[in-house]
Amino acid sequence: MSADTVPVTGWGRTAPTAARLIRPRSYEEAVAAVRDCGARGSIPRGLGRAYGDAAQNAGGAVIDMTGLDRVHAIDAAGGTVLCDAGVSLHRLMEVLLPLGWFVPVTPGTRHVTVGGAIGADIHGKNHHVSGSFSRHVLSFELLTADGEIRTVGRGTPLFDATTGGMGLTGMILTATVQLQPVETSLMSVDTERARDLDDLMARLTATDHAYRYSVAWIDLMARGAATGRAVLTRGDHAPLEALGTRARRDPLAFRTPRFPAPPAYVPDGLLNRTTVGLFNEFWYRKAPRARTGQLQSLSAFFHPLDGIPHWNRIYGRGGCVQYQFVVGHGQEEALHRIVRRVRENRCPSFLAVLKRFGDADPGWLSFPVPGWTLALDIPASLPGLGTFLDELDEEVAAAGGRVYLAKDSRMRPDLLAAMYPRLGDFRALRARLDPRGVFTSDLSRRLTL
Ligand SMILES: Cc1cc2nc3c(=O)[nH]c(=O)nc-3n(C[C@H](O)[C@H](O)[C@H](O)COP(=O)(O)OP(=O)(O)OC[C@H]3O[C@@H](n4cnc5c(N)ncnc54)[C@H](O)[C@@H]3O)c2cc1C
């Protein structure tokens, strides 16, 4: 097993720290990596798509799980898959789509591992219908700090501590996941524009239940009456009968376009108030006012940025902060205030999305709760960003909301208990299960998880 000391960052490329990066190729090597991790402990890492410092461990070991990437068994009749935690959702799509199955939940990139999907209890555009990833996990095998491998089933404290537990209860080795049946690999998509935030929220509230997938891109640079204007895209997997004769020849084909990557060096400041303002204006105007039933590929609908390798370089050396929070139903005024503040601060954000979450899942540190979630990217070099986001954290916490740990690299620990009421249970379980802190990360040290 190689173990070079290298700088490790999240997808936002802020706060890099040096760690021994170990890539086990067998369960035995994974057990040995944890056993021999040393005083600074270890943290499992998937494909490093968490934006912040969740899969980093300064001075310790980071265990790259992508070498454990076997799909062990597929039940093509019942729609379940048993696979290693290092398998990516991209790989699962390649293997499962020809059999008429799709992953039950996908985030905005398919380049995440099953272990990372469980560790962050990820959500997708179907959260209001299907909940988060853990709702579809039947069981997993977890290597705990004492070196034991435990089979963990639903409805147990260890299951609920691990789903959303950011890799801190142990290392997931394998998982069994329930899948979503599909007839085709195309999506049938309805698009509409919303003229402002009120209009957007009214549309989402009135008709979201009619769609399996729903999300809104929101223009956070628009001012005045247009504040919060948005493009709403909603849809479902296209049935076979929606396809034309040509597409019907291979209805489950999985096509993934690939564009050139940005250069390794992109000057800071490329994404600024002017360029992002122009982009947002173009993006809003380009969208149809209302269109129904457009057929789109899975990758165009779910993962448009995956076609551009290393697209995160466009933020320059400073990287980007992703800020994602949720506030409950009834807290619409808080959402309005935050959107107004982001607009007044003129944060140059071109990847801002608003979504309505459905019911929560039981993970103790799982992020989604019923309500409104807004995610926005901001160049980390924006002057005054730290203080500004601290103020937003306070606004979110005062509204009973929370910030998403998988995106975080900067929050202070004092608001965490208010945001995550099961934090005490999580800490107590970790203290019992892992008294020496074998599993630890930059995130867990910063937030005293
Ligand atoms: C473009 C983009 C879009 C995104 N969209 C969404 C979205 O729509 N919804 C959403 O929820 N998230 C979204 N994310 C975040 C991403 O889905 C999560 O951060 C996910 O956890 C990343 O998985 P990963 O395999 O890259 O894990 P990493 O980023 O490497 O690790 C994430 C966490 O999982 C833990 N982990 C990884 N493997 C294991 C394992 N085997 N056992 C135990 N713990 C493990 C790590 O310790 C860490 O705490 C997005 C990220 C990007 C870059």
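The values are calculated or read from the model by the stated rules, or taken from the named source; none is laboratory data. Worth saying up front: this structure is predicted, and the values here are computed from it rather than measured. Cβ atoms come from the backbone with ideal geometry, glycine included; neighbour counts cover every protein chain shown.
Can you report the number of residues in the stretch 145-172 which are closer than 20 Å to residue 36 by Cα, crowded, with 19+ Cβ neighbours inside 10 Å and away from the ligand (no atom under 11 Å from the Cβ)?
Of the residues in that region, 1 qualify.
Using beta carbons and a limit of 6 Å, which pairs, at least six apart or on different chains, have the first residue in the stretch 399-428 and of a type in the set (Lys, Arg) and the second one part of a helix (DSSP H, G or I) and away from the ligand (no atom under 15 Å from the Cβ)?
402/419
If I ask for residues that are of a type in the set (Val, Ile, Thr) and surrounded by fewer than 24 Cβ atoms within 10 Å (Cβ to Cβ), which ones from the stretch 114-144 would you list?
Selection gives 129, 144.
Considering only the stretch 1-35, state which residues are at pLDDT 95 or above, assigned to a strand (DSSP E or B) and among the small types (Gly, Ala, Ser).
18, 19
How do the helices (runs of 4 or more DSSP H) wholly within the stretch 333-449 filter down when requiring 2 or more residues that are within 15 Å of the ligand (Cβ to nearest atom) and over 24 Å from residue 230 (Cα atoms): which remain?
Qualifying helices (runs of 4 or more DSSP H): 423-433, 442-447.
Among the residues of the stretch 169-184, is there at least one that is over 13 Å from the mean Cα position of the chain (by Cα), assigned to a loop (DSSP other than H, G, I, E, B) and within 22 Å of residue 425 (Cα to Cα)?
yes
Give me the residue from the stretch 124-140 that is touching a residue at least 60 places away in the same chain (Cβ under 8 Å), closer than 18 Å to residue 365 by Cα and assigned to a helix (DSSP H, G or I) and, out of that set, farthest from the ligand (Cβ to nearest atom).
Looking at the filtered set, the residue picked out is 135.
Can you pull out every residue in the stretch 212-228 that is crowded, with 20+ Cβ neighbours inside 10 Å, of a type outside the set (Val, Ile, Thr) and assigned to a loop (DSSP other than H, G, I, E, B)?
219, 220, 221, 222, 228
Which of the residues that make up the stretch 58-89 are near the ligand (Cβ under 9 Å from one of its atoms) and in contact with a strand residue (DSSP E or B) (Cβ under 7 Å, 6 or more places away or on another chain)?
Result: 62, 63, 64, 65, 66, 68, 84, 85, 86, 88.
Can residue 51 be described as surrounded by fewer than 18 Cβ atoms within 10 Å (Cβ to Cβ) and within 12 Å of the ligand (Cβ to nearest atom)?
no
Does residue 38 satisfy the condition of being in a loop (DSSP other than H, G, I, E, B) and free of Cβ contacts under 8 Å to residues at least 40 places away in the same chain?
Yes: the conditions hold for residue 38.
May I ask you to say which residue of 92, 96 is assigned to a helix (DSSP H, G or I) and within 13 Å of the ligand (Cβ to nearest atom)?
Step by step, each of 92, 96 is checked, and only 92 is assigned to a helix (DSSP H, G or I) and within 13 Å of the ligand (Cβ to nearest atom).
Regarding residue 296, is this residue farther than 23 Å from residue 119 by Cα, in a strand (DSSP E or B) and either in contact (Cβ under 8 Å) with a residue 60 or more places away in the chain or among the β-branched types (Val, Ile, Thr) (or both)?
Yes; evaluated as a whole, the condition is true for this residue.
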